[in-house]
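Everything on this sheet refers to the single structure shown next.
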Amino acid sequence: MASDFALTVPSELESVLRVKTVEFFITRRPWLDLYGVNVRPVAPFGSASRKPYVDSALIHRSLPDELLFEVIARMTPFDMGRASCVCRKWRYTIRNPVFWRNACLKAWQFYGVVENYKILQSKYDGSWRKMWLSRPRLRTDGLYVSRNTYIRVGIAEWKITNPVHVVCYFRYLRFFPSGRFLYKNSSQKVKDVVKCMNFRSSKAESVFGGNYTLSDDKVEAAVLYPGARPTVLRMRLRLRGTIAGANNRMDLVSLVTSGVNSSEASAPEEDILGVVEGWHDDETHNPDVPAVSHKRGMTPFVFVPFGEVETSVLNLPIDKMDYFVPG
């Protein structure tokens, strides 16, 4: 889903940024002239091999700096990280703060441009790249998946055997920069669920929308289950990463279901978090739906990018992976 985000920077901040960008390009860096130049060992005087040898890389001769800038400007931050491993010239070019500024303002657009600039100067020494790597953020280029299992006792046959079954189900979360998210609870594998995790999905696919807030590494989310007895699902999560800037894990701190009355159930979908703001864990507004604080199914969420949903280990059946450690 395309975001309605529009990059609007105040004039005074834009002028300062323009000056820094110009300084970045006009500063002379003599070592850049050495890229692609291979110097042979000095041959004896008078030797036939005593000639200058220049063999610049083909990609540097075929791709001008202007086109390279346009290509990198259209990459995602994670693609830029991979591209920086190509060569030293690309690594240096990708350090341009313009690329990371656009990525940061889009990732934290909910805070606004001015607030992001204040956070940049106060916590990250004016470095957009440092802000991208160090500041917690919810990733929008994939799904957060929680794989849960439990044992269910089967029906005894002829009073001889007492079978047990290992049941596996998943919780799926997909976040959007606008403050909304999608939630689905299903036994289907991630490669099958990813097709319906969008706002165009039908009711039969049981994909519910809600909204969330992010404060440091803490996530507050709420989603409404409609029906004869409408129920709100409230989640508190803690965002973390296996490496710096990954943000690929979320710990489920609390999971509470509560009842809402008819007026609260008719509130817009994107306002449900404001409806339940300040509620206690044991609070319910519908006596037919008691408040329940769940203690099972609290496995941490693992992030799966869209490009890896077909090959993820979470697609393995229960007989090949009975238990999964998120890490």
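Could you tell me what percent of the accessible area of region 142-316 is made up of carbon and sulfur, with a 1.4 Å probe and every protein chain present?
That share works out to 52 percent.
Most tightly packed first, judged by the mean number of other beta-carbon atoms within 10 Å of their residues, the peptides 303-312, 95-104 read 95-104, 303-312.
Using a probe of 1.4 Å, the accessible surface attributed to ILE59 totals some 70 Å² when neighbouring protein chains are kept in position. The listed peptides 108-117, 139-148, ordered by packing as a protection proxy, come out as 139-148, 108-117 (highest mean of other Cβ atoms within 10 Å first).
Once you order the gyration tensor axes a ≥ b ≥ c over the Cα atoms, which shape class does region 142-316 get: rounded for a/c under 1.5, otherwise prolate or oblate by comparing a/b with b/c?
Because a/c hits 1.5 or more and a/b fails to exceed b/c, region 142-316 counts as oblate.
Placing one equal scatterer on every Cα of region 272-323 and applying the Debye formula, the log10 ratio I(q)/I(0) at q = 0.19, 0.21, 0.28 Å⁻¹ is -0.81, -0.87, -1.22. Per residue, the solvent-accessible area of region 175-274 (1.4 Å probe, heavy atoms of protein chains only, all protein chains present) comes to 45 Å². Summary of packing: across the peptides 71-80, 233-242, the per-residue average of other C-beta atoms within 10 Å ranks them, highest first, as 233-242, 71-80.
The values are calculated or read from the model by the stated rules, or taken from the named source; none is laboratory data. Every value quoted in this text rests on a predicted model; they were computed, and no experiment measured them. Here Cβ is always computed from backbone atoms with ideal geometry, including for glycine, and neighbour counts include all displayed protein chains. Only protein heavy atoms, including side chains, enter the accessible area calculation; ligands, DNA and RNA are left aside. Shrake-Rupley method; radii C 1.70, N 1.55, O 1.52, S 1.80 Å.
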